[in-house]
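Undergrad: One structure follows; several queries about it will come next.
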Amino acid sequence: MVSLLDPLFLKALFGLFLASLMAPIGALATLRGISYLSAEVSHAALGGASLGFFLIYLGFSYSNPFLIALFFSIGVSLLTAYLGRISGPEATGSAIGSTLALSMAIYALVRGLLPGEIKAMLDTYLIGDVLLLTSSDLVQISIVVIISLVMLALFYNEFIYVCFDYEGLETMGLNAKLYDYLLFALLGLSGVIEAKSIGAFLVFAFMIAPAGIAKEITKSVSSFLFLSFLIALLSSIFGLFVSILFNLPTSGVVAILPSSIYLIVVLKKMLPLEKRLF
Amino acid sequence: MGNQFLTKVKLMRYEQKMITTIQKSLEIENLSVELDHKLILDNISLSLPHPVFAAIMGPNGAGKTTLLKTILGIIKPTSGKVHLFGKDVLGNPTEARKLVGYVPQRDRIVRYVPLKVTDVVLMGLVSRKEIPRIAINKDMNLSLEALKYVGMSEYASELFSNLSGGQQQRVLIARALVSKPKILLLDEPFNAVDASAQTFIAELLNRLKNENKISVLLVSHDINMVVEYIDILMFLNKKMIAMGKAHEIFRDDILKMVYGEGVRVITEKGRCYALTGDTHG
Ligand SMILES: Nc1ncnc2c1ncn2[C@@H]1O[C@H](COP(=O)(O)OP(=O)(O)OP(=O)(O)O)[C@@H](O)[C@H]1O
Ligand SMILES: [Mg+2]
């Protein structure tokens, strides 16, 4: 049983806070019609991390899996943007699918070649454990989170406009293409944060489900983004407490809550009005 | 003496009129556009005075949207020239774009972005700024003014996505007007808009030309609701098929050339209506 003032617990709390701060970027991806990409980029980060660990295994001790994961997920995100651009917006889905397959293939291939202890380190990028985050992990994640939020704050209007009316934006003399790519790059940054903090496997709970819930109850873009953050944060903290109380795997419990709320909210919409309980 | 003065005033008025009629809003010379190695626009030339109410009519896939985007400098033509108020669009799109307000085909707009009506109009100002692109008080006032002009003030804080088709169209016109353009380009402004809203928009555009001296160029597959206001009507189907005063070219034989044999023309109270059976999904 972990005490509530235990540094382990505080670090986990901070890790969840950082992961939740990326939920608005997942919400932005929803507005851009590419919510699945926010899940995909964290799998790309996993593929990148596996290359990083592989280099360590080969004896390149300077290899930094986090950094390689970072560049890999940004790269894959930009590649998806490019593929979607040349083959048309309808093809973005297939572009996401194929880059996802590539990232997972790299992971599967490399993982098989790694010895047990490195394999275990790599696997935290797949199913993370916030209770195992070290101070230096948190510093790395914080830096990327700060960069992401600064980008979001600086180009907030541009990102929203690109989502709303890309063609209209071009006619107003704004470089819509540039901001679209920046939006994809931002999503790439979120991928590595989610993979490192909670694991690629559970990214839906932070990047997609909160936005899905928030979308049903908000009436403005800013409240939509903020609520996504709040839902991700509260549900993950609740999950952390429950997991500690009942000694359950934290990540699993953390992910269950937003996913099930999302399902309830969506299923509720399918009921006729008079049969809804709330 | 008094007479002489009057003659002079008349002469000055006449000269002024000459100058305004000489000014060209849009000039296109031998414009051809290829997309994906396919010829979409074939040697288009046209010249519009200012202010003018012009309409380009043509069936689906005729290249209407492509033409508008080329005028805006977004699509690069394979050959030809485009000038807006004497400014070369292809050489200096930034300068030319300042003179244009664009109202896109409404179905290109993503409806699940929960933007308020004022935010949509503000976009017309904010996106034209340098970094940091932030709205100031003055922008807000201008946006409210533009909304008032299109009769949408009371919806200012509504969600854009909750409005009807006609109301959305009016908001998009306000967004195009807020930057005070000299010419307004509209892509299918009557699409999925009910009849009364169509009339409202048609009258609004006519008012823009007459009272605010803003030229209007719209493209549509159906222009019945604006026929009475149009100075120049053009028929486009990859090529410029006909151009002239509406009552001159809104004719059975020309329409058949543009739309094929399926079209029917009805003449009623001196006005022609084309039943094209050509609609957007
Ligand atoms: N980016 C593109 N690449 C290749 N072909 C294109 C592209 N955009 C449009 N086209 C083709 O150009 C032709 C003209 O398209 P355009 O959208 O200009 O027609 P339109 O007159 O506006 O039709 P609609 O009434 O359906 O809006 C169509 O055949 C279309 O398939
Ligand atoms: Mg079109």
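Undergrad: Under a no-solvent Debye model with one identical scatterer per Cα of the protein assembly as shown, what's log10 I(q)/I(0) at q = 0.11, 0.12 Å⁻¹?
TA: Log10 of I(q)/I(0), two decimals: -1.02, -1.13.
Undergrad: Divide by every residue of chain A the summed helix terms, -39500 (n - 2.57) for each DSSP H run of at least 4, and state the resulting mean residue ellipticity at 222 nm, rounded to the nearest 500 deg cm²/dmol.
TA: Counting only the DSSP helices, I get -25500 deg cm²/dmol.
Undergrad: Kirkwood-based Rg over Rh for segment A:53-209 (C-alpha set), two decimals?
TA: That ratio equals 1.01.
Undergrad: Tell me the label-point distance for the pair residue A:82, residue B:24, using the 7 Å Cα-to-Cβ offset, in nm and rounded to one decimal.
TA: Result: 4.1 nm between the two label points.
Undergrad: For segment B:110-179, with only Lys/Arg (+1) and Asp/Glu (-1) charged at the beta-carbon, what is the dipole magnitude about the Cα centre, in debye rounded to 20?
TA: Dipole size: approximately 160 debye.
Undergrad: May I ask for the distance between the Cα centers of segment A:75-123 and segment B:47-117, given as a whole number of Å?
TA: Centre-to-centre (Cα) distance: 39 Å.
Undergrad: Rounding to the nearest 20 debye, state how big the charge dipole of chain A is about its Cα centre with +1 on each Lys and Arg Cβ and -1 on each Asp and Glu Cβ.
TA: Charge dipole of chain A: 400 debye, to the nearest 20.
Undergrad: Using only the Cα atoms of segment A:7-275, what are the Rg and Dmax in Å?
TA: When restricted to the Cα atoms of segment A:7-275, Rg and Dmax are 18.4, 65 Å.
Undergrad: Among A:85, A:111, A:32, which one shows the highest mean-square fluctuation when chain A is modelled as a Gaussian network with alpha-carbon springs under 10 Å?
TA: Residue with maximal mean-square fluctuation among A:85, A:111, A:32: A:85.
Undergrad: Gain in length, residue B:180 to residue B:194, computed as 0.36 nm per residue apart minus the alpha-carbon separation, to one decimal in nm? Each step should come with its number before you reach the end.
TA: Details: separation 14, 0.36 × 14 = 5.04 nm, distance 2.74 nm.
Going from the current span to full extension adds 2.3 nm.
Undergrad: What pairs from A:11/A:269; B:116/B:245; B:69/B:148; A:219/B:69 go past 30 Å between their alpha carbons?
TA: Result: A:11/A:269; B:116/B:245; A:219/B:69 exceed 30 Å.
Undergrad: Give or take rounding to whole Å, what are the principal axis extents of the alpha carbon atoms in segment A:1-141, in descending order?
TA: So the three principal-axis extents are 52, 37, 23 Å.
Undergrad: Running a GNM on chain A with Cα contacts under 10 Å, which residue among A:212, A:188, A:116 ends up with the highest mean-square fluctuation?
TA: Of A:212, A:188, A:116, the most mobile in the Gaussian network model is A:116.
Undergrad: Moving on. Please give the average number of partner chain Cβ atoms lying within 10 Å of the Cβ of each residue in B:105-114, rounded to a whole number.
TA: If you average over the peptide's residues, the count of other-chain Cβ atoms is 5.
Undergrad: Another question about this same structure. Suppose every Lys and Arg Cβ carries +1 and every Asp and Glu Cβ carries -1, with no other charges. What dipole size does the protein assembly as shown come out with about its Cα centre, to the nearest 20 debye?
TA: Computed about the Cα centre, the dipole is about 1280 debye.
Undergrad: Let me ask you something else. Residue A:226 versus residue A:109, label points 7 Å from Cα toward the beta carbon: distance in nm?
TA: If labels sit at residue A:226 and residue A:109, their model points lie 4.7 nm apart.
Undergrad: Hey, any idea what Rg/Rh is for segment A:173-278, computing Rh the Kirkwood way over Cα pairs?
TA: 1.06
Undergrad: Separate question: Which of these, A:221, A:145, A:76, has the largest mean-square fluctuation under a Gaussian network model of chain A (Cα springs below 10 Å)?
TA: A:221
Undergrad: Related question: Please report Rg (one decimal) and Dmax (integer) in Å for the Cα set of segment B:110-179.
TA: When restricted to the Cα atoms of segment B:110-179, Rg and Dmax are 11.2, 33 Å.
Undergrad: To make sure I understand the rule: partners must be aspartates and glutamates, Cα under 16 Å from the Cα of residue B:238, and not fewer than 8 residues away in the same chain. Which ones qualify?
TA: Leaving aside aspartates and glutamates fewer than 8 places away in the same chain, those within reach of residue B:238 are B:29, B:34, B:36, B:42.
Undergrad: Take the Cα gyration tensor of segment A:27-94, multiply each eigenvalue by 5, square-root it, and list the three semi-axes largest first, rounded to whole angstrom.
TA: Working: eigenvalues 164, 27, 12 Å².
One finds semi-axes of 29, 12, 8 Å for segment A:27-94.
Undergrad: So, one more: Taking the Cα atoms of segment B:121-240, report the difference between the largest and smallest coordinate on each principal axis, in whole Å and largest first.
TA: Result, largest extent first: 43, 29, 28 Å.
Undergrad: Which of the helices in chain A, when you take each full DSSP H run, stretch at least 18 Å along the axis at their Cα atoms and have an average Kyte-Doolittle score of -1.0 or higher?
TA: A:7-20, A:35-57, A:65-87, A:92-113, A:135-154, A:176-197, A:221-245, A:250-270
Undergrad: Is there a simple number for the mean count of other chain Cβ atoms within 10 Å of the Cβ of residues in A:27-38, and what is it?
TA: Per residue, the number of nearby Cβ atoms from other chains is 1 on average.
Undergrad: I'd like the distance between the alpha-carbon centres of segment B:192-252 and segment A:207-229, rounded to an integer number of Å.
TA: 42 Å
Since every read-out is calculated from the coordinates, none of them should be taken as a lab result. Predicted model, so just to flag it, every value in this text is computed and none were measured. No Cβ is skipped: glycine too gets one built from the backbone with ideal geometry, and neighbour counts run over all protein chains shown.
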